[in-house]
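The values are calculated or read from the model by the stated rules, or taken from the named source; none is laboratory data. From a predicted model like this one, the values you see are computed outputs, not experimental measurements. Cβ coordinates were reconstructed from backbone atoms using ideal geometry, including for glycine residues, and neighbour counts include every protein chain displayed.
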Amino acid sequence: MAKSTSRMTIDERYAYLQIQYERYCRATKPEKNCLLDEMMAVTGLTRNHLIELLQHPPKRQARQQQRHNSYAAATDAALQVIWEAQNYIGAERLQAVLWPTAQALERAGEPTLTPQVRSALQQLSVCLLYTSPSPRDRTRPRMPSSA
């Protein structure tokens, strides 16, 4: 069977597996092989992973602990100003110039930096910049992709 070209969302995958679970439980061994081939083609999951998922009724686990921001809203506001001043550069380049830009902008009177914001800006890692709301929720239009 040919692989599906579009990816299923996790919710679609679990809904599909819940339907297939009933068929899989009633099937004989040769029928299970055919079902597994079909499910591999539809979901893109490996055979062993499907077997593991179908040992029990598929149920999506809720996240046990919600993620939260690692820094305050004031830090995010200062980060937004710095990011705009640097013409929306990427997280890796932004992290290298973050603190010097913050100091220059503070001298110019742009953001007022509290001691908590100062320490947060000095400690922001590239990973946190990748996941921070400002660069992810771009306010500037993106260039069209070439693909």
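Observations
- Hits in the stretch 101-147 (condition: of a type in the set (Lys, Arg) and at pLDDT below 60): Arg136, Arg138, Arg140, Arg142
- Qualifying residue in the stretch 56-72 (condition: modelled with pLDDT of 85 or more, of a type in the set (Phe, Trp, Tyr) and either farther than 21 Å from Tyr130 by Cα or part of a loop (DSSP other than H, G, I, E, B) (or both)): no
- Selection status of Gln80, of a type outside the set (D, E, K, R), within 14 Å of Leu128 (Cα to Cα) and assigned to a helix (DSSP H, G or I): yes
- Hits in the stretch 109-130 (condition: surrounded by fewer than 19 Cβ atoms within 10 Å (Cβ to Cβ), in contact with a Phe, Trp or Tyr (Cβ under 6 Å, 6 or more places away or on another chain) and within 14 Å of Ala77 (Cα to Cα)): none
- The set of residues in the stretch 9-34 being over 24 Å from Gln61 (Cα atoms) and surrounded by 13 or more Cβ atoms within 10 Å (Cβ to Cβ) consists of Ala27, Lys32.
- When Ser4 is tested against (1) surrounded by 11 or more Cβ atoms within 10 Å (Cβ to Cβ); (2) at pLDDT 90 or above; (3) not β-branched (Val, Ile, Thr), just one condition goes unmet, and that condition is (2).
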